[in-house]
Amino acid sequence: MRTRPLIASPPWTAEDDELLRAVLAAGTDTVTIAARLLRSQSAIRNRARKFGILLPAARKGRKPKLARSG
């Protein structure tokens with residue numbers, strides 16, 4: 001018998017979706033949104049993609065280089 005996989009977070013509610021769309025439209029970053037909705041940044045990006053909202057890819061690794069003056 002096959003068991004259902006564990007769900008890492010609760011299902012998205014209509015209120016979560018409304019809030020996500022509003023804060024994305026306002027330009028809020030995924031780190032802030034994730035903290036506010038108690039979800040991972042990946043969950044935020046995936047849910048946004050479901051609604052056709054494309055976000056910049058998360059940068060991993062090194063910090064961006066600063067322009068040298070002089």
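The values are calculated or read from the model by the stated rules, or taken from the named source; none is laboratory data. Since we're looking at a predicted model, the values are computed, not measured. Cβ sites come from the backbone with ideal geometry, for glycine too, and all protein chains shown count toward neighbours. The protein model used for the area step is the full one, side chains on, heavy atoms only, and it has no ligands, DNA or RNA in it. Shrake-Rupley method; radii C 1.70, N 1.55, O 1.52, S 1.80 Å.
So, in the stretch 1-33, how many residues would count as being open to solvent by 60 Å² or more (accessible area, probe 1.4 Å) and among the acidic types (Asp, Glu)?
3
For the stretch 34-51, give me each residue that is open to solvent by 60 Å² or more (accessible area, probe 1.4 Å) and either of a type in the set (Gly, Ala, Ser) or touching a residue at least 60 places away in the same chain (Cβ under 8 Å) (or both).
Ala35, Ser40 - these are the residues of the stretch 34-51 that are open to solvent by 60 Å² or more (accessible area, probe 1.4 Å) and either of a type in the set (Gly, Ala, Ser) or touching a residue at least 60 places away in the same chain (Cβ under 8 Å) (or both).
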